[in-house]
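Okay, structure first, notes after.
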Amino acid sequence: MRCSIRNATAHLGPAAAVLGLALLACDRAAMFEPGHAQAARAAAQIVGSYAGTAVATVATSIKTSSATCPGVLTIATQSGNAFSGSFEIPSGQGCDAQQATVAGTVQDDGSVSFTADTPGGGSNIWEDAAERTHCRLVSGSTFDGMAASGVLTATGRGVYSCPLVGTVRVSVSLQVSATQA
């Protein structure tokens, strides 16, 4: 088979040789069965500016409190499934000004997963908060959610062990909900 492909493609030119090699590389009989579609799906396109809120919920064994802050999420670039951008929360009642970068992926169904990073000593917002508060980060998640019809929602969680009066376990949930502007 190798010789016949080589001899046949020598007369057809380089484009045919590449096509022949690509077909051999696929070598999947199922691709040629009737009713079997192998359509390449494109990632959902989410580039743009989004206005919305970030709801931070902080919980200990004694108390739970939350704050809702307005913010702007900007997805500046997207290449395939990968995207990057920034978010900004202005200073306001109960909200400290924050600026961060975001980087993550979006799937063809609109599911998103990303990390956020503020300036500080860590590689993400959970590590940055541990540095600022002198708490030990127990666990921190990515932000996971959906982007569909111009709305992006995602939630991330961090758990800390903080040396207050004894050691206190603190759970932080940050929920982002924004509409494309």
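Observations
- The number of residues in the stretch 140-181 that are of a type in the set (Ser, Thr, Tyr), open to solvent by 30 Å² or more (accessible area, probe 1.4 Å), free of Cβ contacts under 8 Å to residues at least 60 places away in the same chain and within 27 Å of residue 85 (Cβ to Cβ) comes to 5.
- Screening the stretch 72-97 for residues that are touching a strand residue (DSSP E or B) at 6+ places or on another chain (Cβ under 6 Å) and more than 17 Å from residue 46 (Cα to Cα) and picking the one that is surrounded by the fewest Cβ atoms within 10 Å (Cβ to Cβ) gives 94.
- Of the strands (runs of 3 or more DSSP E) lying entirely inside the stretch 114-181, those carrying at least 3 residues that are among the small types (Gly, Ala, Ser) and either within 24 Å of residue 78 (Cβ to Cβ) or modelled with pLDDT under 95 (or both) are 143-148, 166-180.
- Criterion: under 21 Å from residue 159 (Cα atoms) and of a type outside the set (A, V, I, L, M) - qualifying residue of 141, 79: 141
- Candidates 88, 131: the one that is of a type in the set (Asp, Glu), closer than 27 Å to residue 62 by Cβ and without any contact (Cβ under 8 Å) to a residue 40 or more places away in the chain is 131.
The values are calculated or read from the model by the stated rules, or taken from the named source; none is laboratory data. Computed from a prediction, not measured in an experiment: that's the story for all the values here. For neighbour counting, all protein chains shown are included, and Cβ atoms are generated from backbone atoms with ideal geometry for every residue, glycine included. The accessibility values were calculated without ligands, DNA or RNA, using every heavy atom of the protein model including side chains. Shrake-Rupley method; radii C 1.70, N 1.55, O 1.52, S 1.80 Å.
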